[in-house]
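Below you'll find the structure, written out as structure tokens, and then a few comments.
The values are calculated or read from the model by the stated rules, or taken from the named source; none is laboratory data. Quick caveat, the model's predicted, so the values are computed rather than measured. Note: ideal-geometry Cβ built from the backbone for every residue, glycine included; neighbour counts use all protein chains shown. Just the protein is used for accessible areas: all its heavy atoms, side chains included, with ligands, DNA and RNA removed. Shrake-Rupley method; radii C 1.70, N 1.55, O 1.52, S 1.80 Å.
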Amino acid sequence: QVQLVESGGGLVQPGGPLRLSCVASRNIFSINAMGWYRQAPGKQRELVAGITRAASTDYADSVKGRFTISRDAAKNTVYLQMNSLKPEDMAVYYCNAIYGEDSYWGQGTQVTVSS
């Protein structure tokens, strides 16, 4: 099993930055892939960014050039650096891990983009 704990959400003004963190309960190199998803009210959960064990990354078109996913293996942590935030980025952000054949989720962290 993998437990995931997100942090870093909050209120930010449009155009501002925010960094989310996701701490995993096991060595992230033992995890096939990790990613950040988001879900806005009335919308489906969508992939924002992902990173594989081999450090291959992928981003939703809507965040390319603004968001960066990275990891610190020593801290078992994956980050999502979000820059130039827009009101449409407002959502609950969830950390996900694919470990073996199973998928694990964190509890989510709210990101609010508003002036």
Do we have Tyr94 as surrounded by 13 or more Cβ atoms within 10 Å (Cβ to Cβ), among the hydroxyl-bearing types (Ser, Thr, Tyr), out of contact with any Phe, Trp or Tyr (no Cβ under 8 Å at 6 or more places or on another chain) and touching a residue at least 12 places away in the same chain (Cβ under 8 Å) here?
-> no
Residue tally, condition assigned to a loop (DSSP other than H, G, I, E, B), surrounded by 14 or more Cβ atoms within 10 Å (Cβ to Cβ) and not aliphatic (A, V, I, L, M), over the stretch 1-13 = 2
So which residues in the stretch 49-61 are surrounded by 13 or more Cβ atoms within 10 Å (Cβ to Cβ) and out of contact with any Leu (no Cβ under 8 Å at 6 or more places or on another chain), if there are any at all?
-> Gly50, Ile51, Thr52, Arg53, Thr57, Tyr59
All positions within the stretch 64-88 that are outside any strand (DSSP E or B), in contact with a Leu (Cβ under 9 Å, 6 or more places away or on another chain) and without any contact (Cβ under 8 Å) to a residue 60 or more places away in the chain = Arg66
If you take the residues of the stretch 29-48 that are under 20 Å from Tyr99 (Cβ atoms) and within 14 Å of the chain's Cα centre (by Cα), which of them is most open to solvent (accessible area, probe 1.4 Å)?
-> Arg45
Under the condition of being of a type outside the set (A, V, I, L, M, F, W, C) and closer than 13 Å to Ser70 by Cα, which residue from the stretch 14-28 is most open to solvent (accessible area, probe 1.4 Å)?
-> Arg19
Hey, among the residues in the stretch 30-51 that are part of a strand (DSSP E or B) and among the hydrophobic types (A, V, I, L, M, F, W, C), which one's farthest from Lys64 (Cα to Cα)?
-> Ala33
Can you name every residue in the stretch 89-115 that is assigned to a strand (DSSP E or B), within 25 Å of Arg26 (Cβ to Cβ) and out of contact with any Asp or Glu (no Cβ under 8 Å at 6 or more places or on another chain)?
-> Val92, Asn96, Ala97, Ile98, Tyr99, Asp102, Ser103, Tyr104, Trp105
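Let's see how each residue does on (1) touching a residue at least 12 places away in the same chain (Cβ under 8 Å); (2) of a type outside the set (Gly, Ala, Ser):
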residue: Leu11; (1), (2): yes, yes
residue: Gly16; (1), (2): yes, no
residue: Ser25; (1), (2): yes, no
residue: Ile31; (1), (2): yes, yes
residue: Tyr99; (1), (2): yes, yes
residue: Ser103; (1), (2): no, no
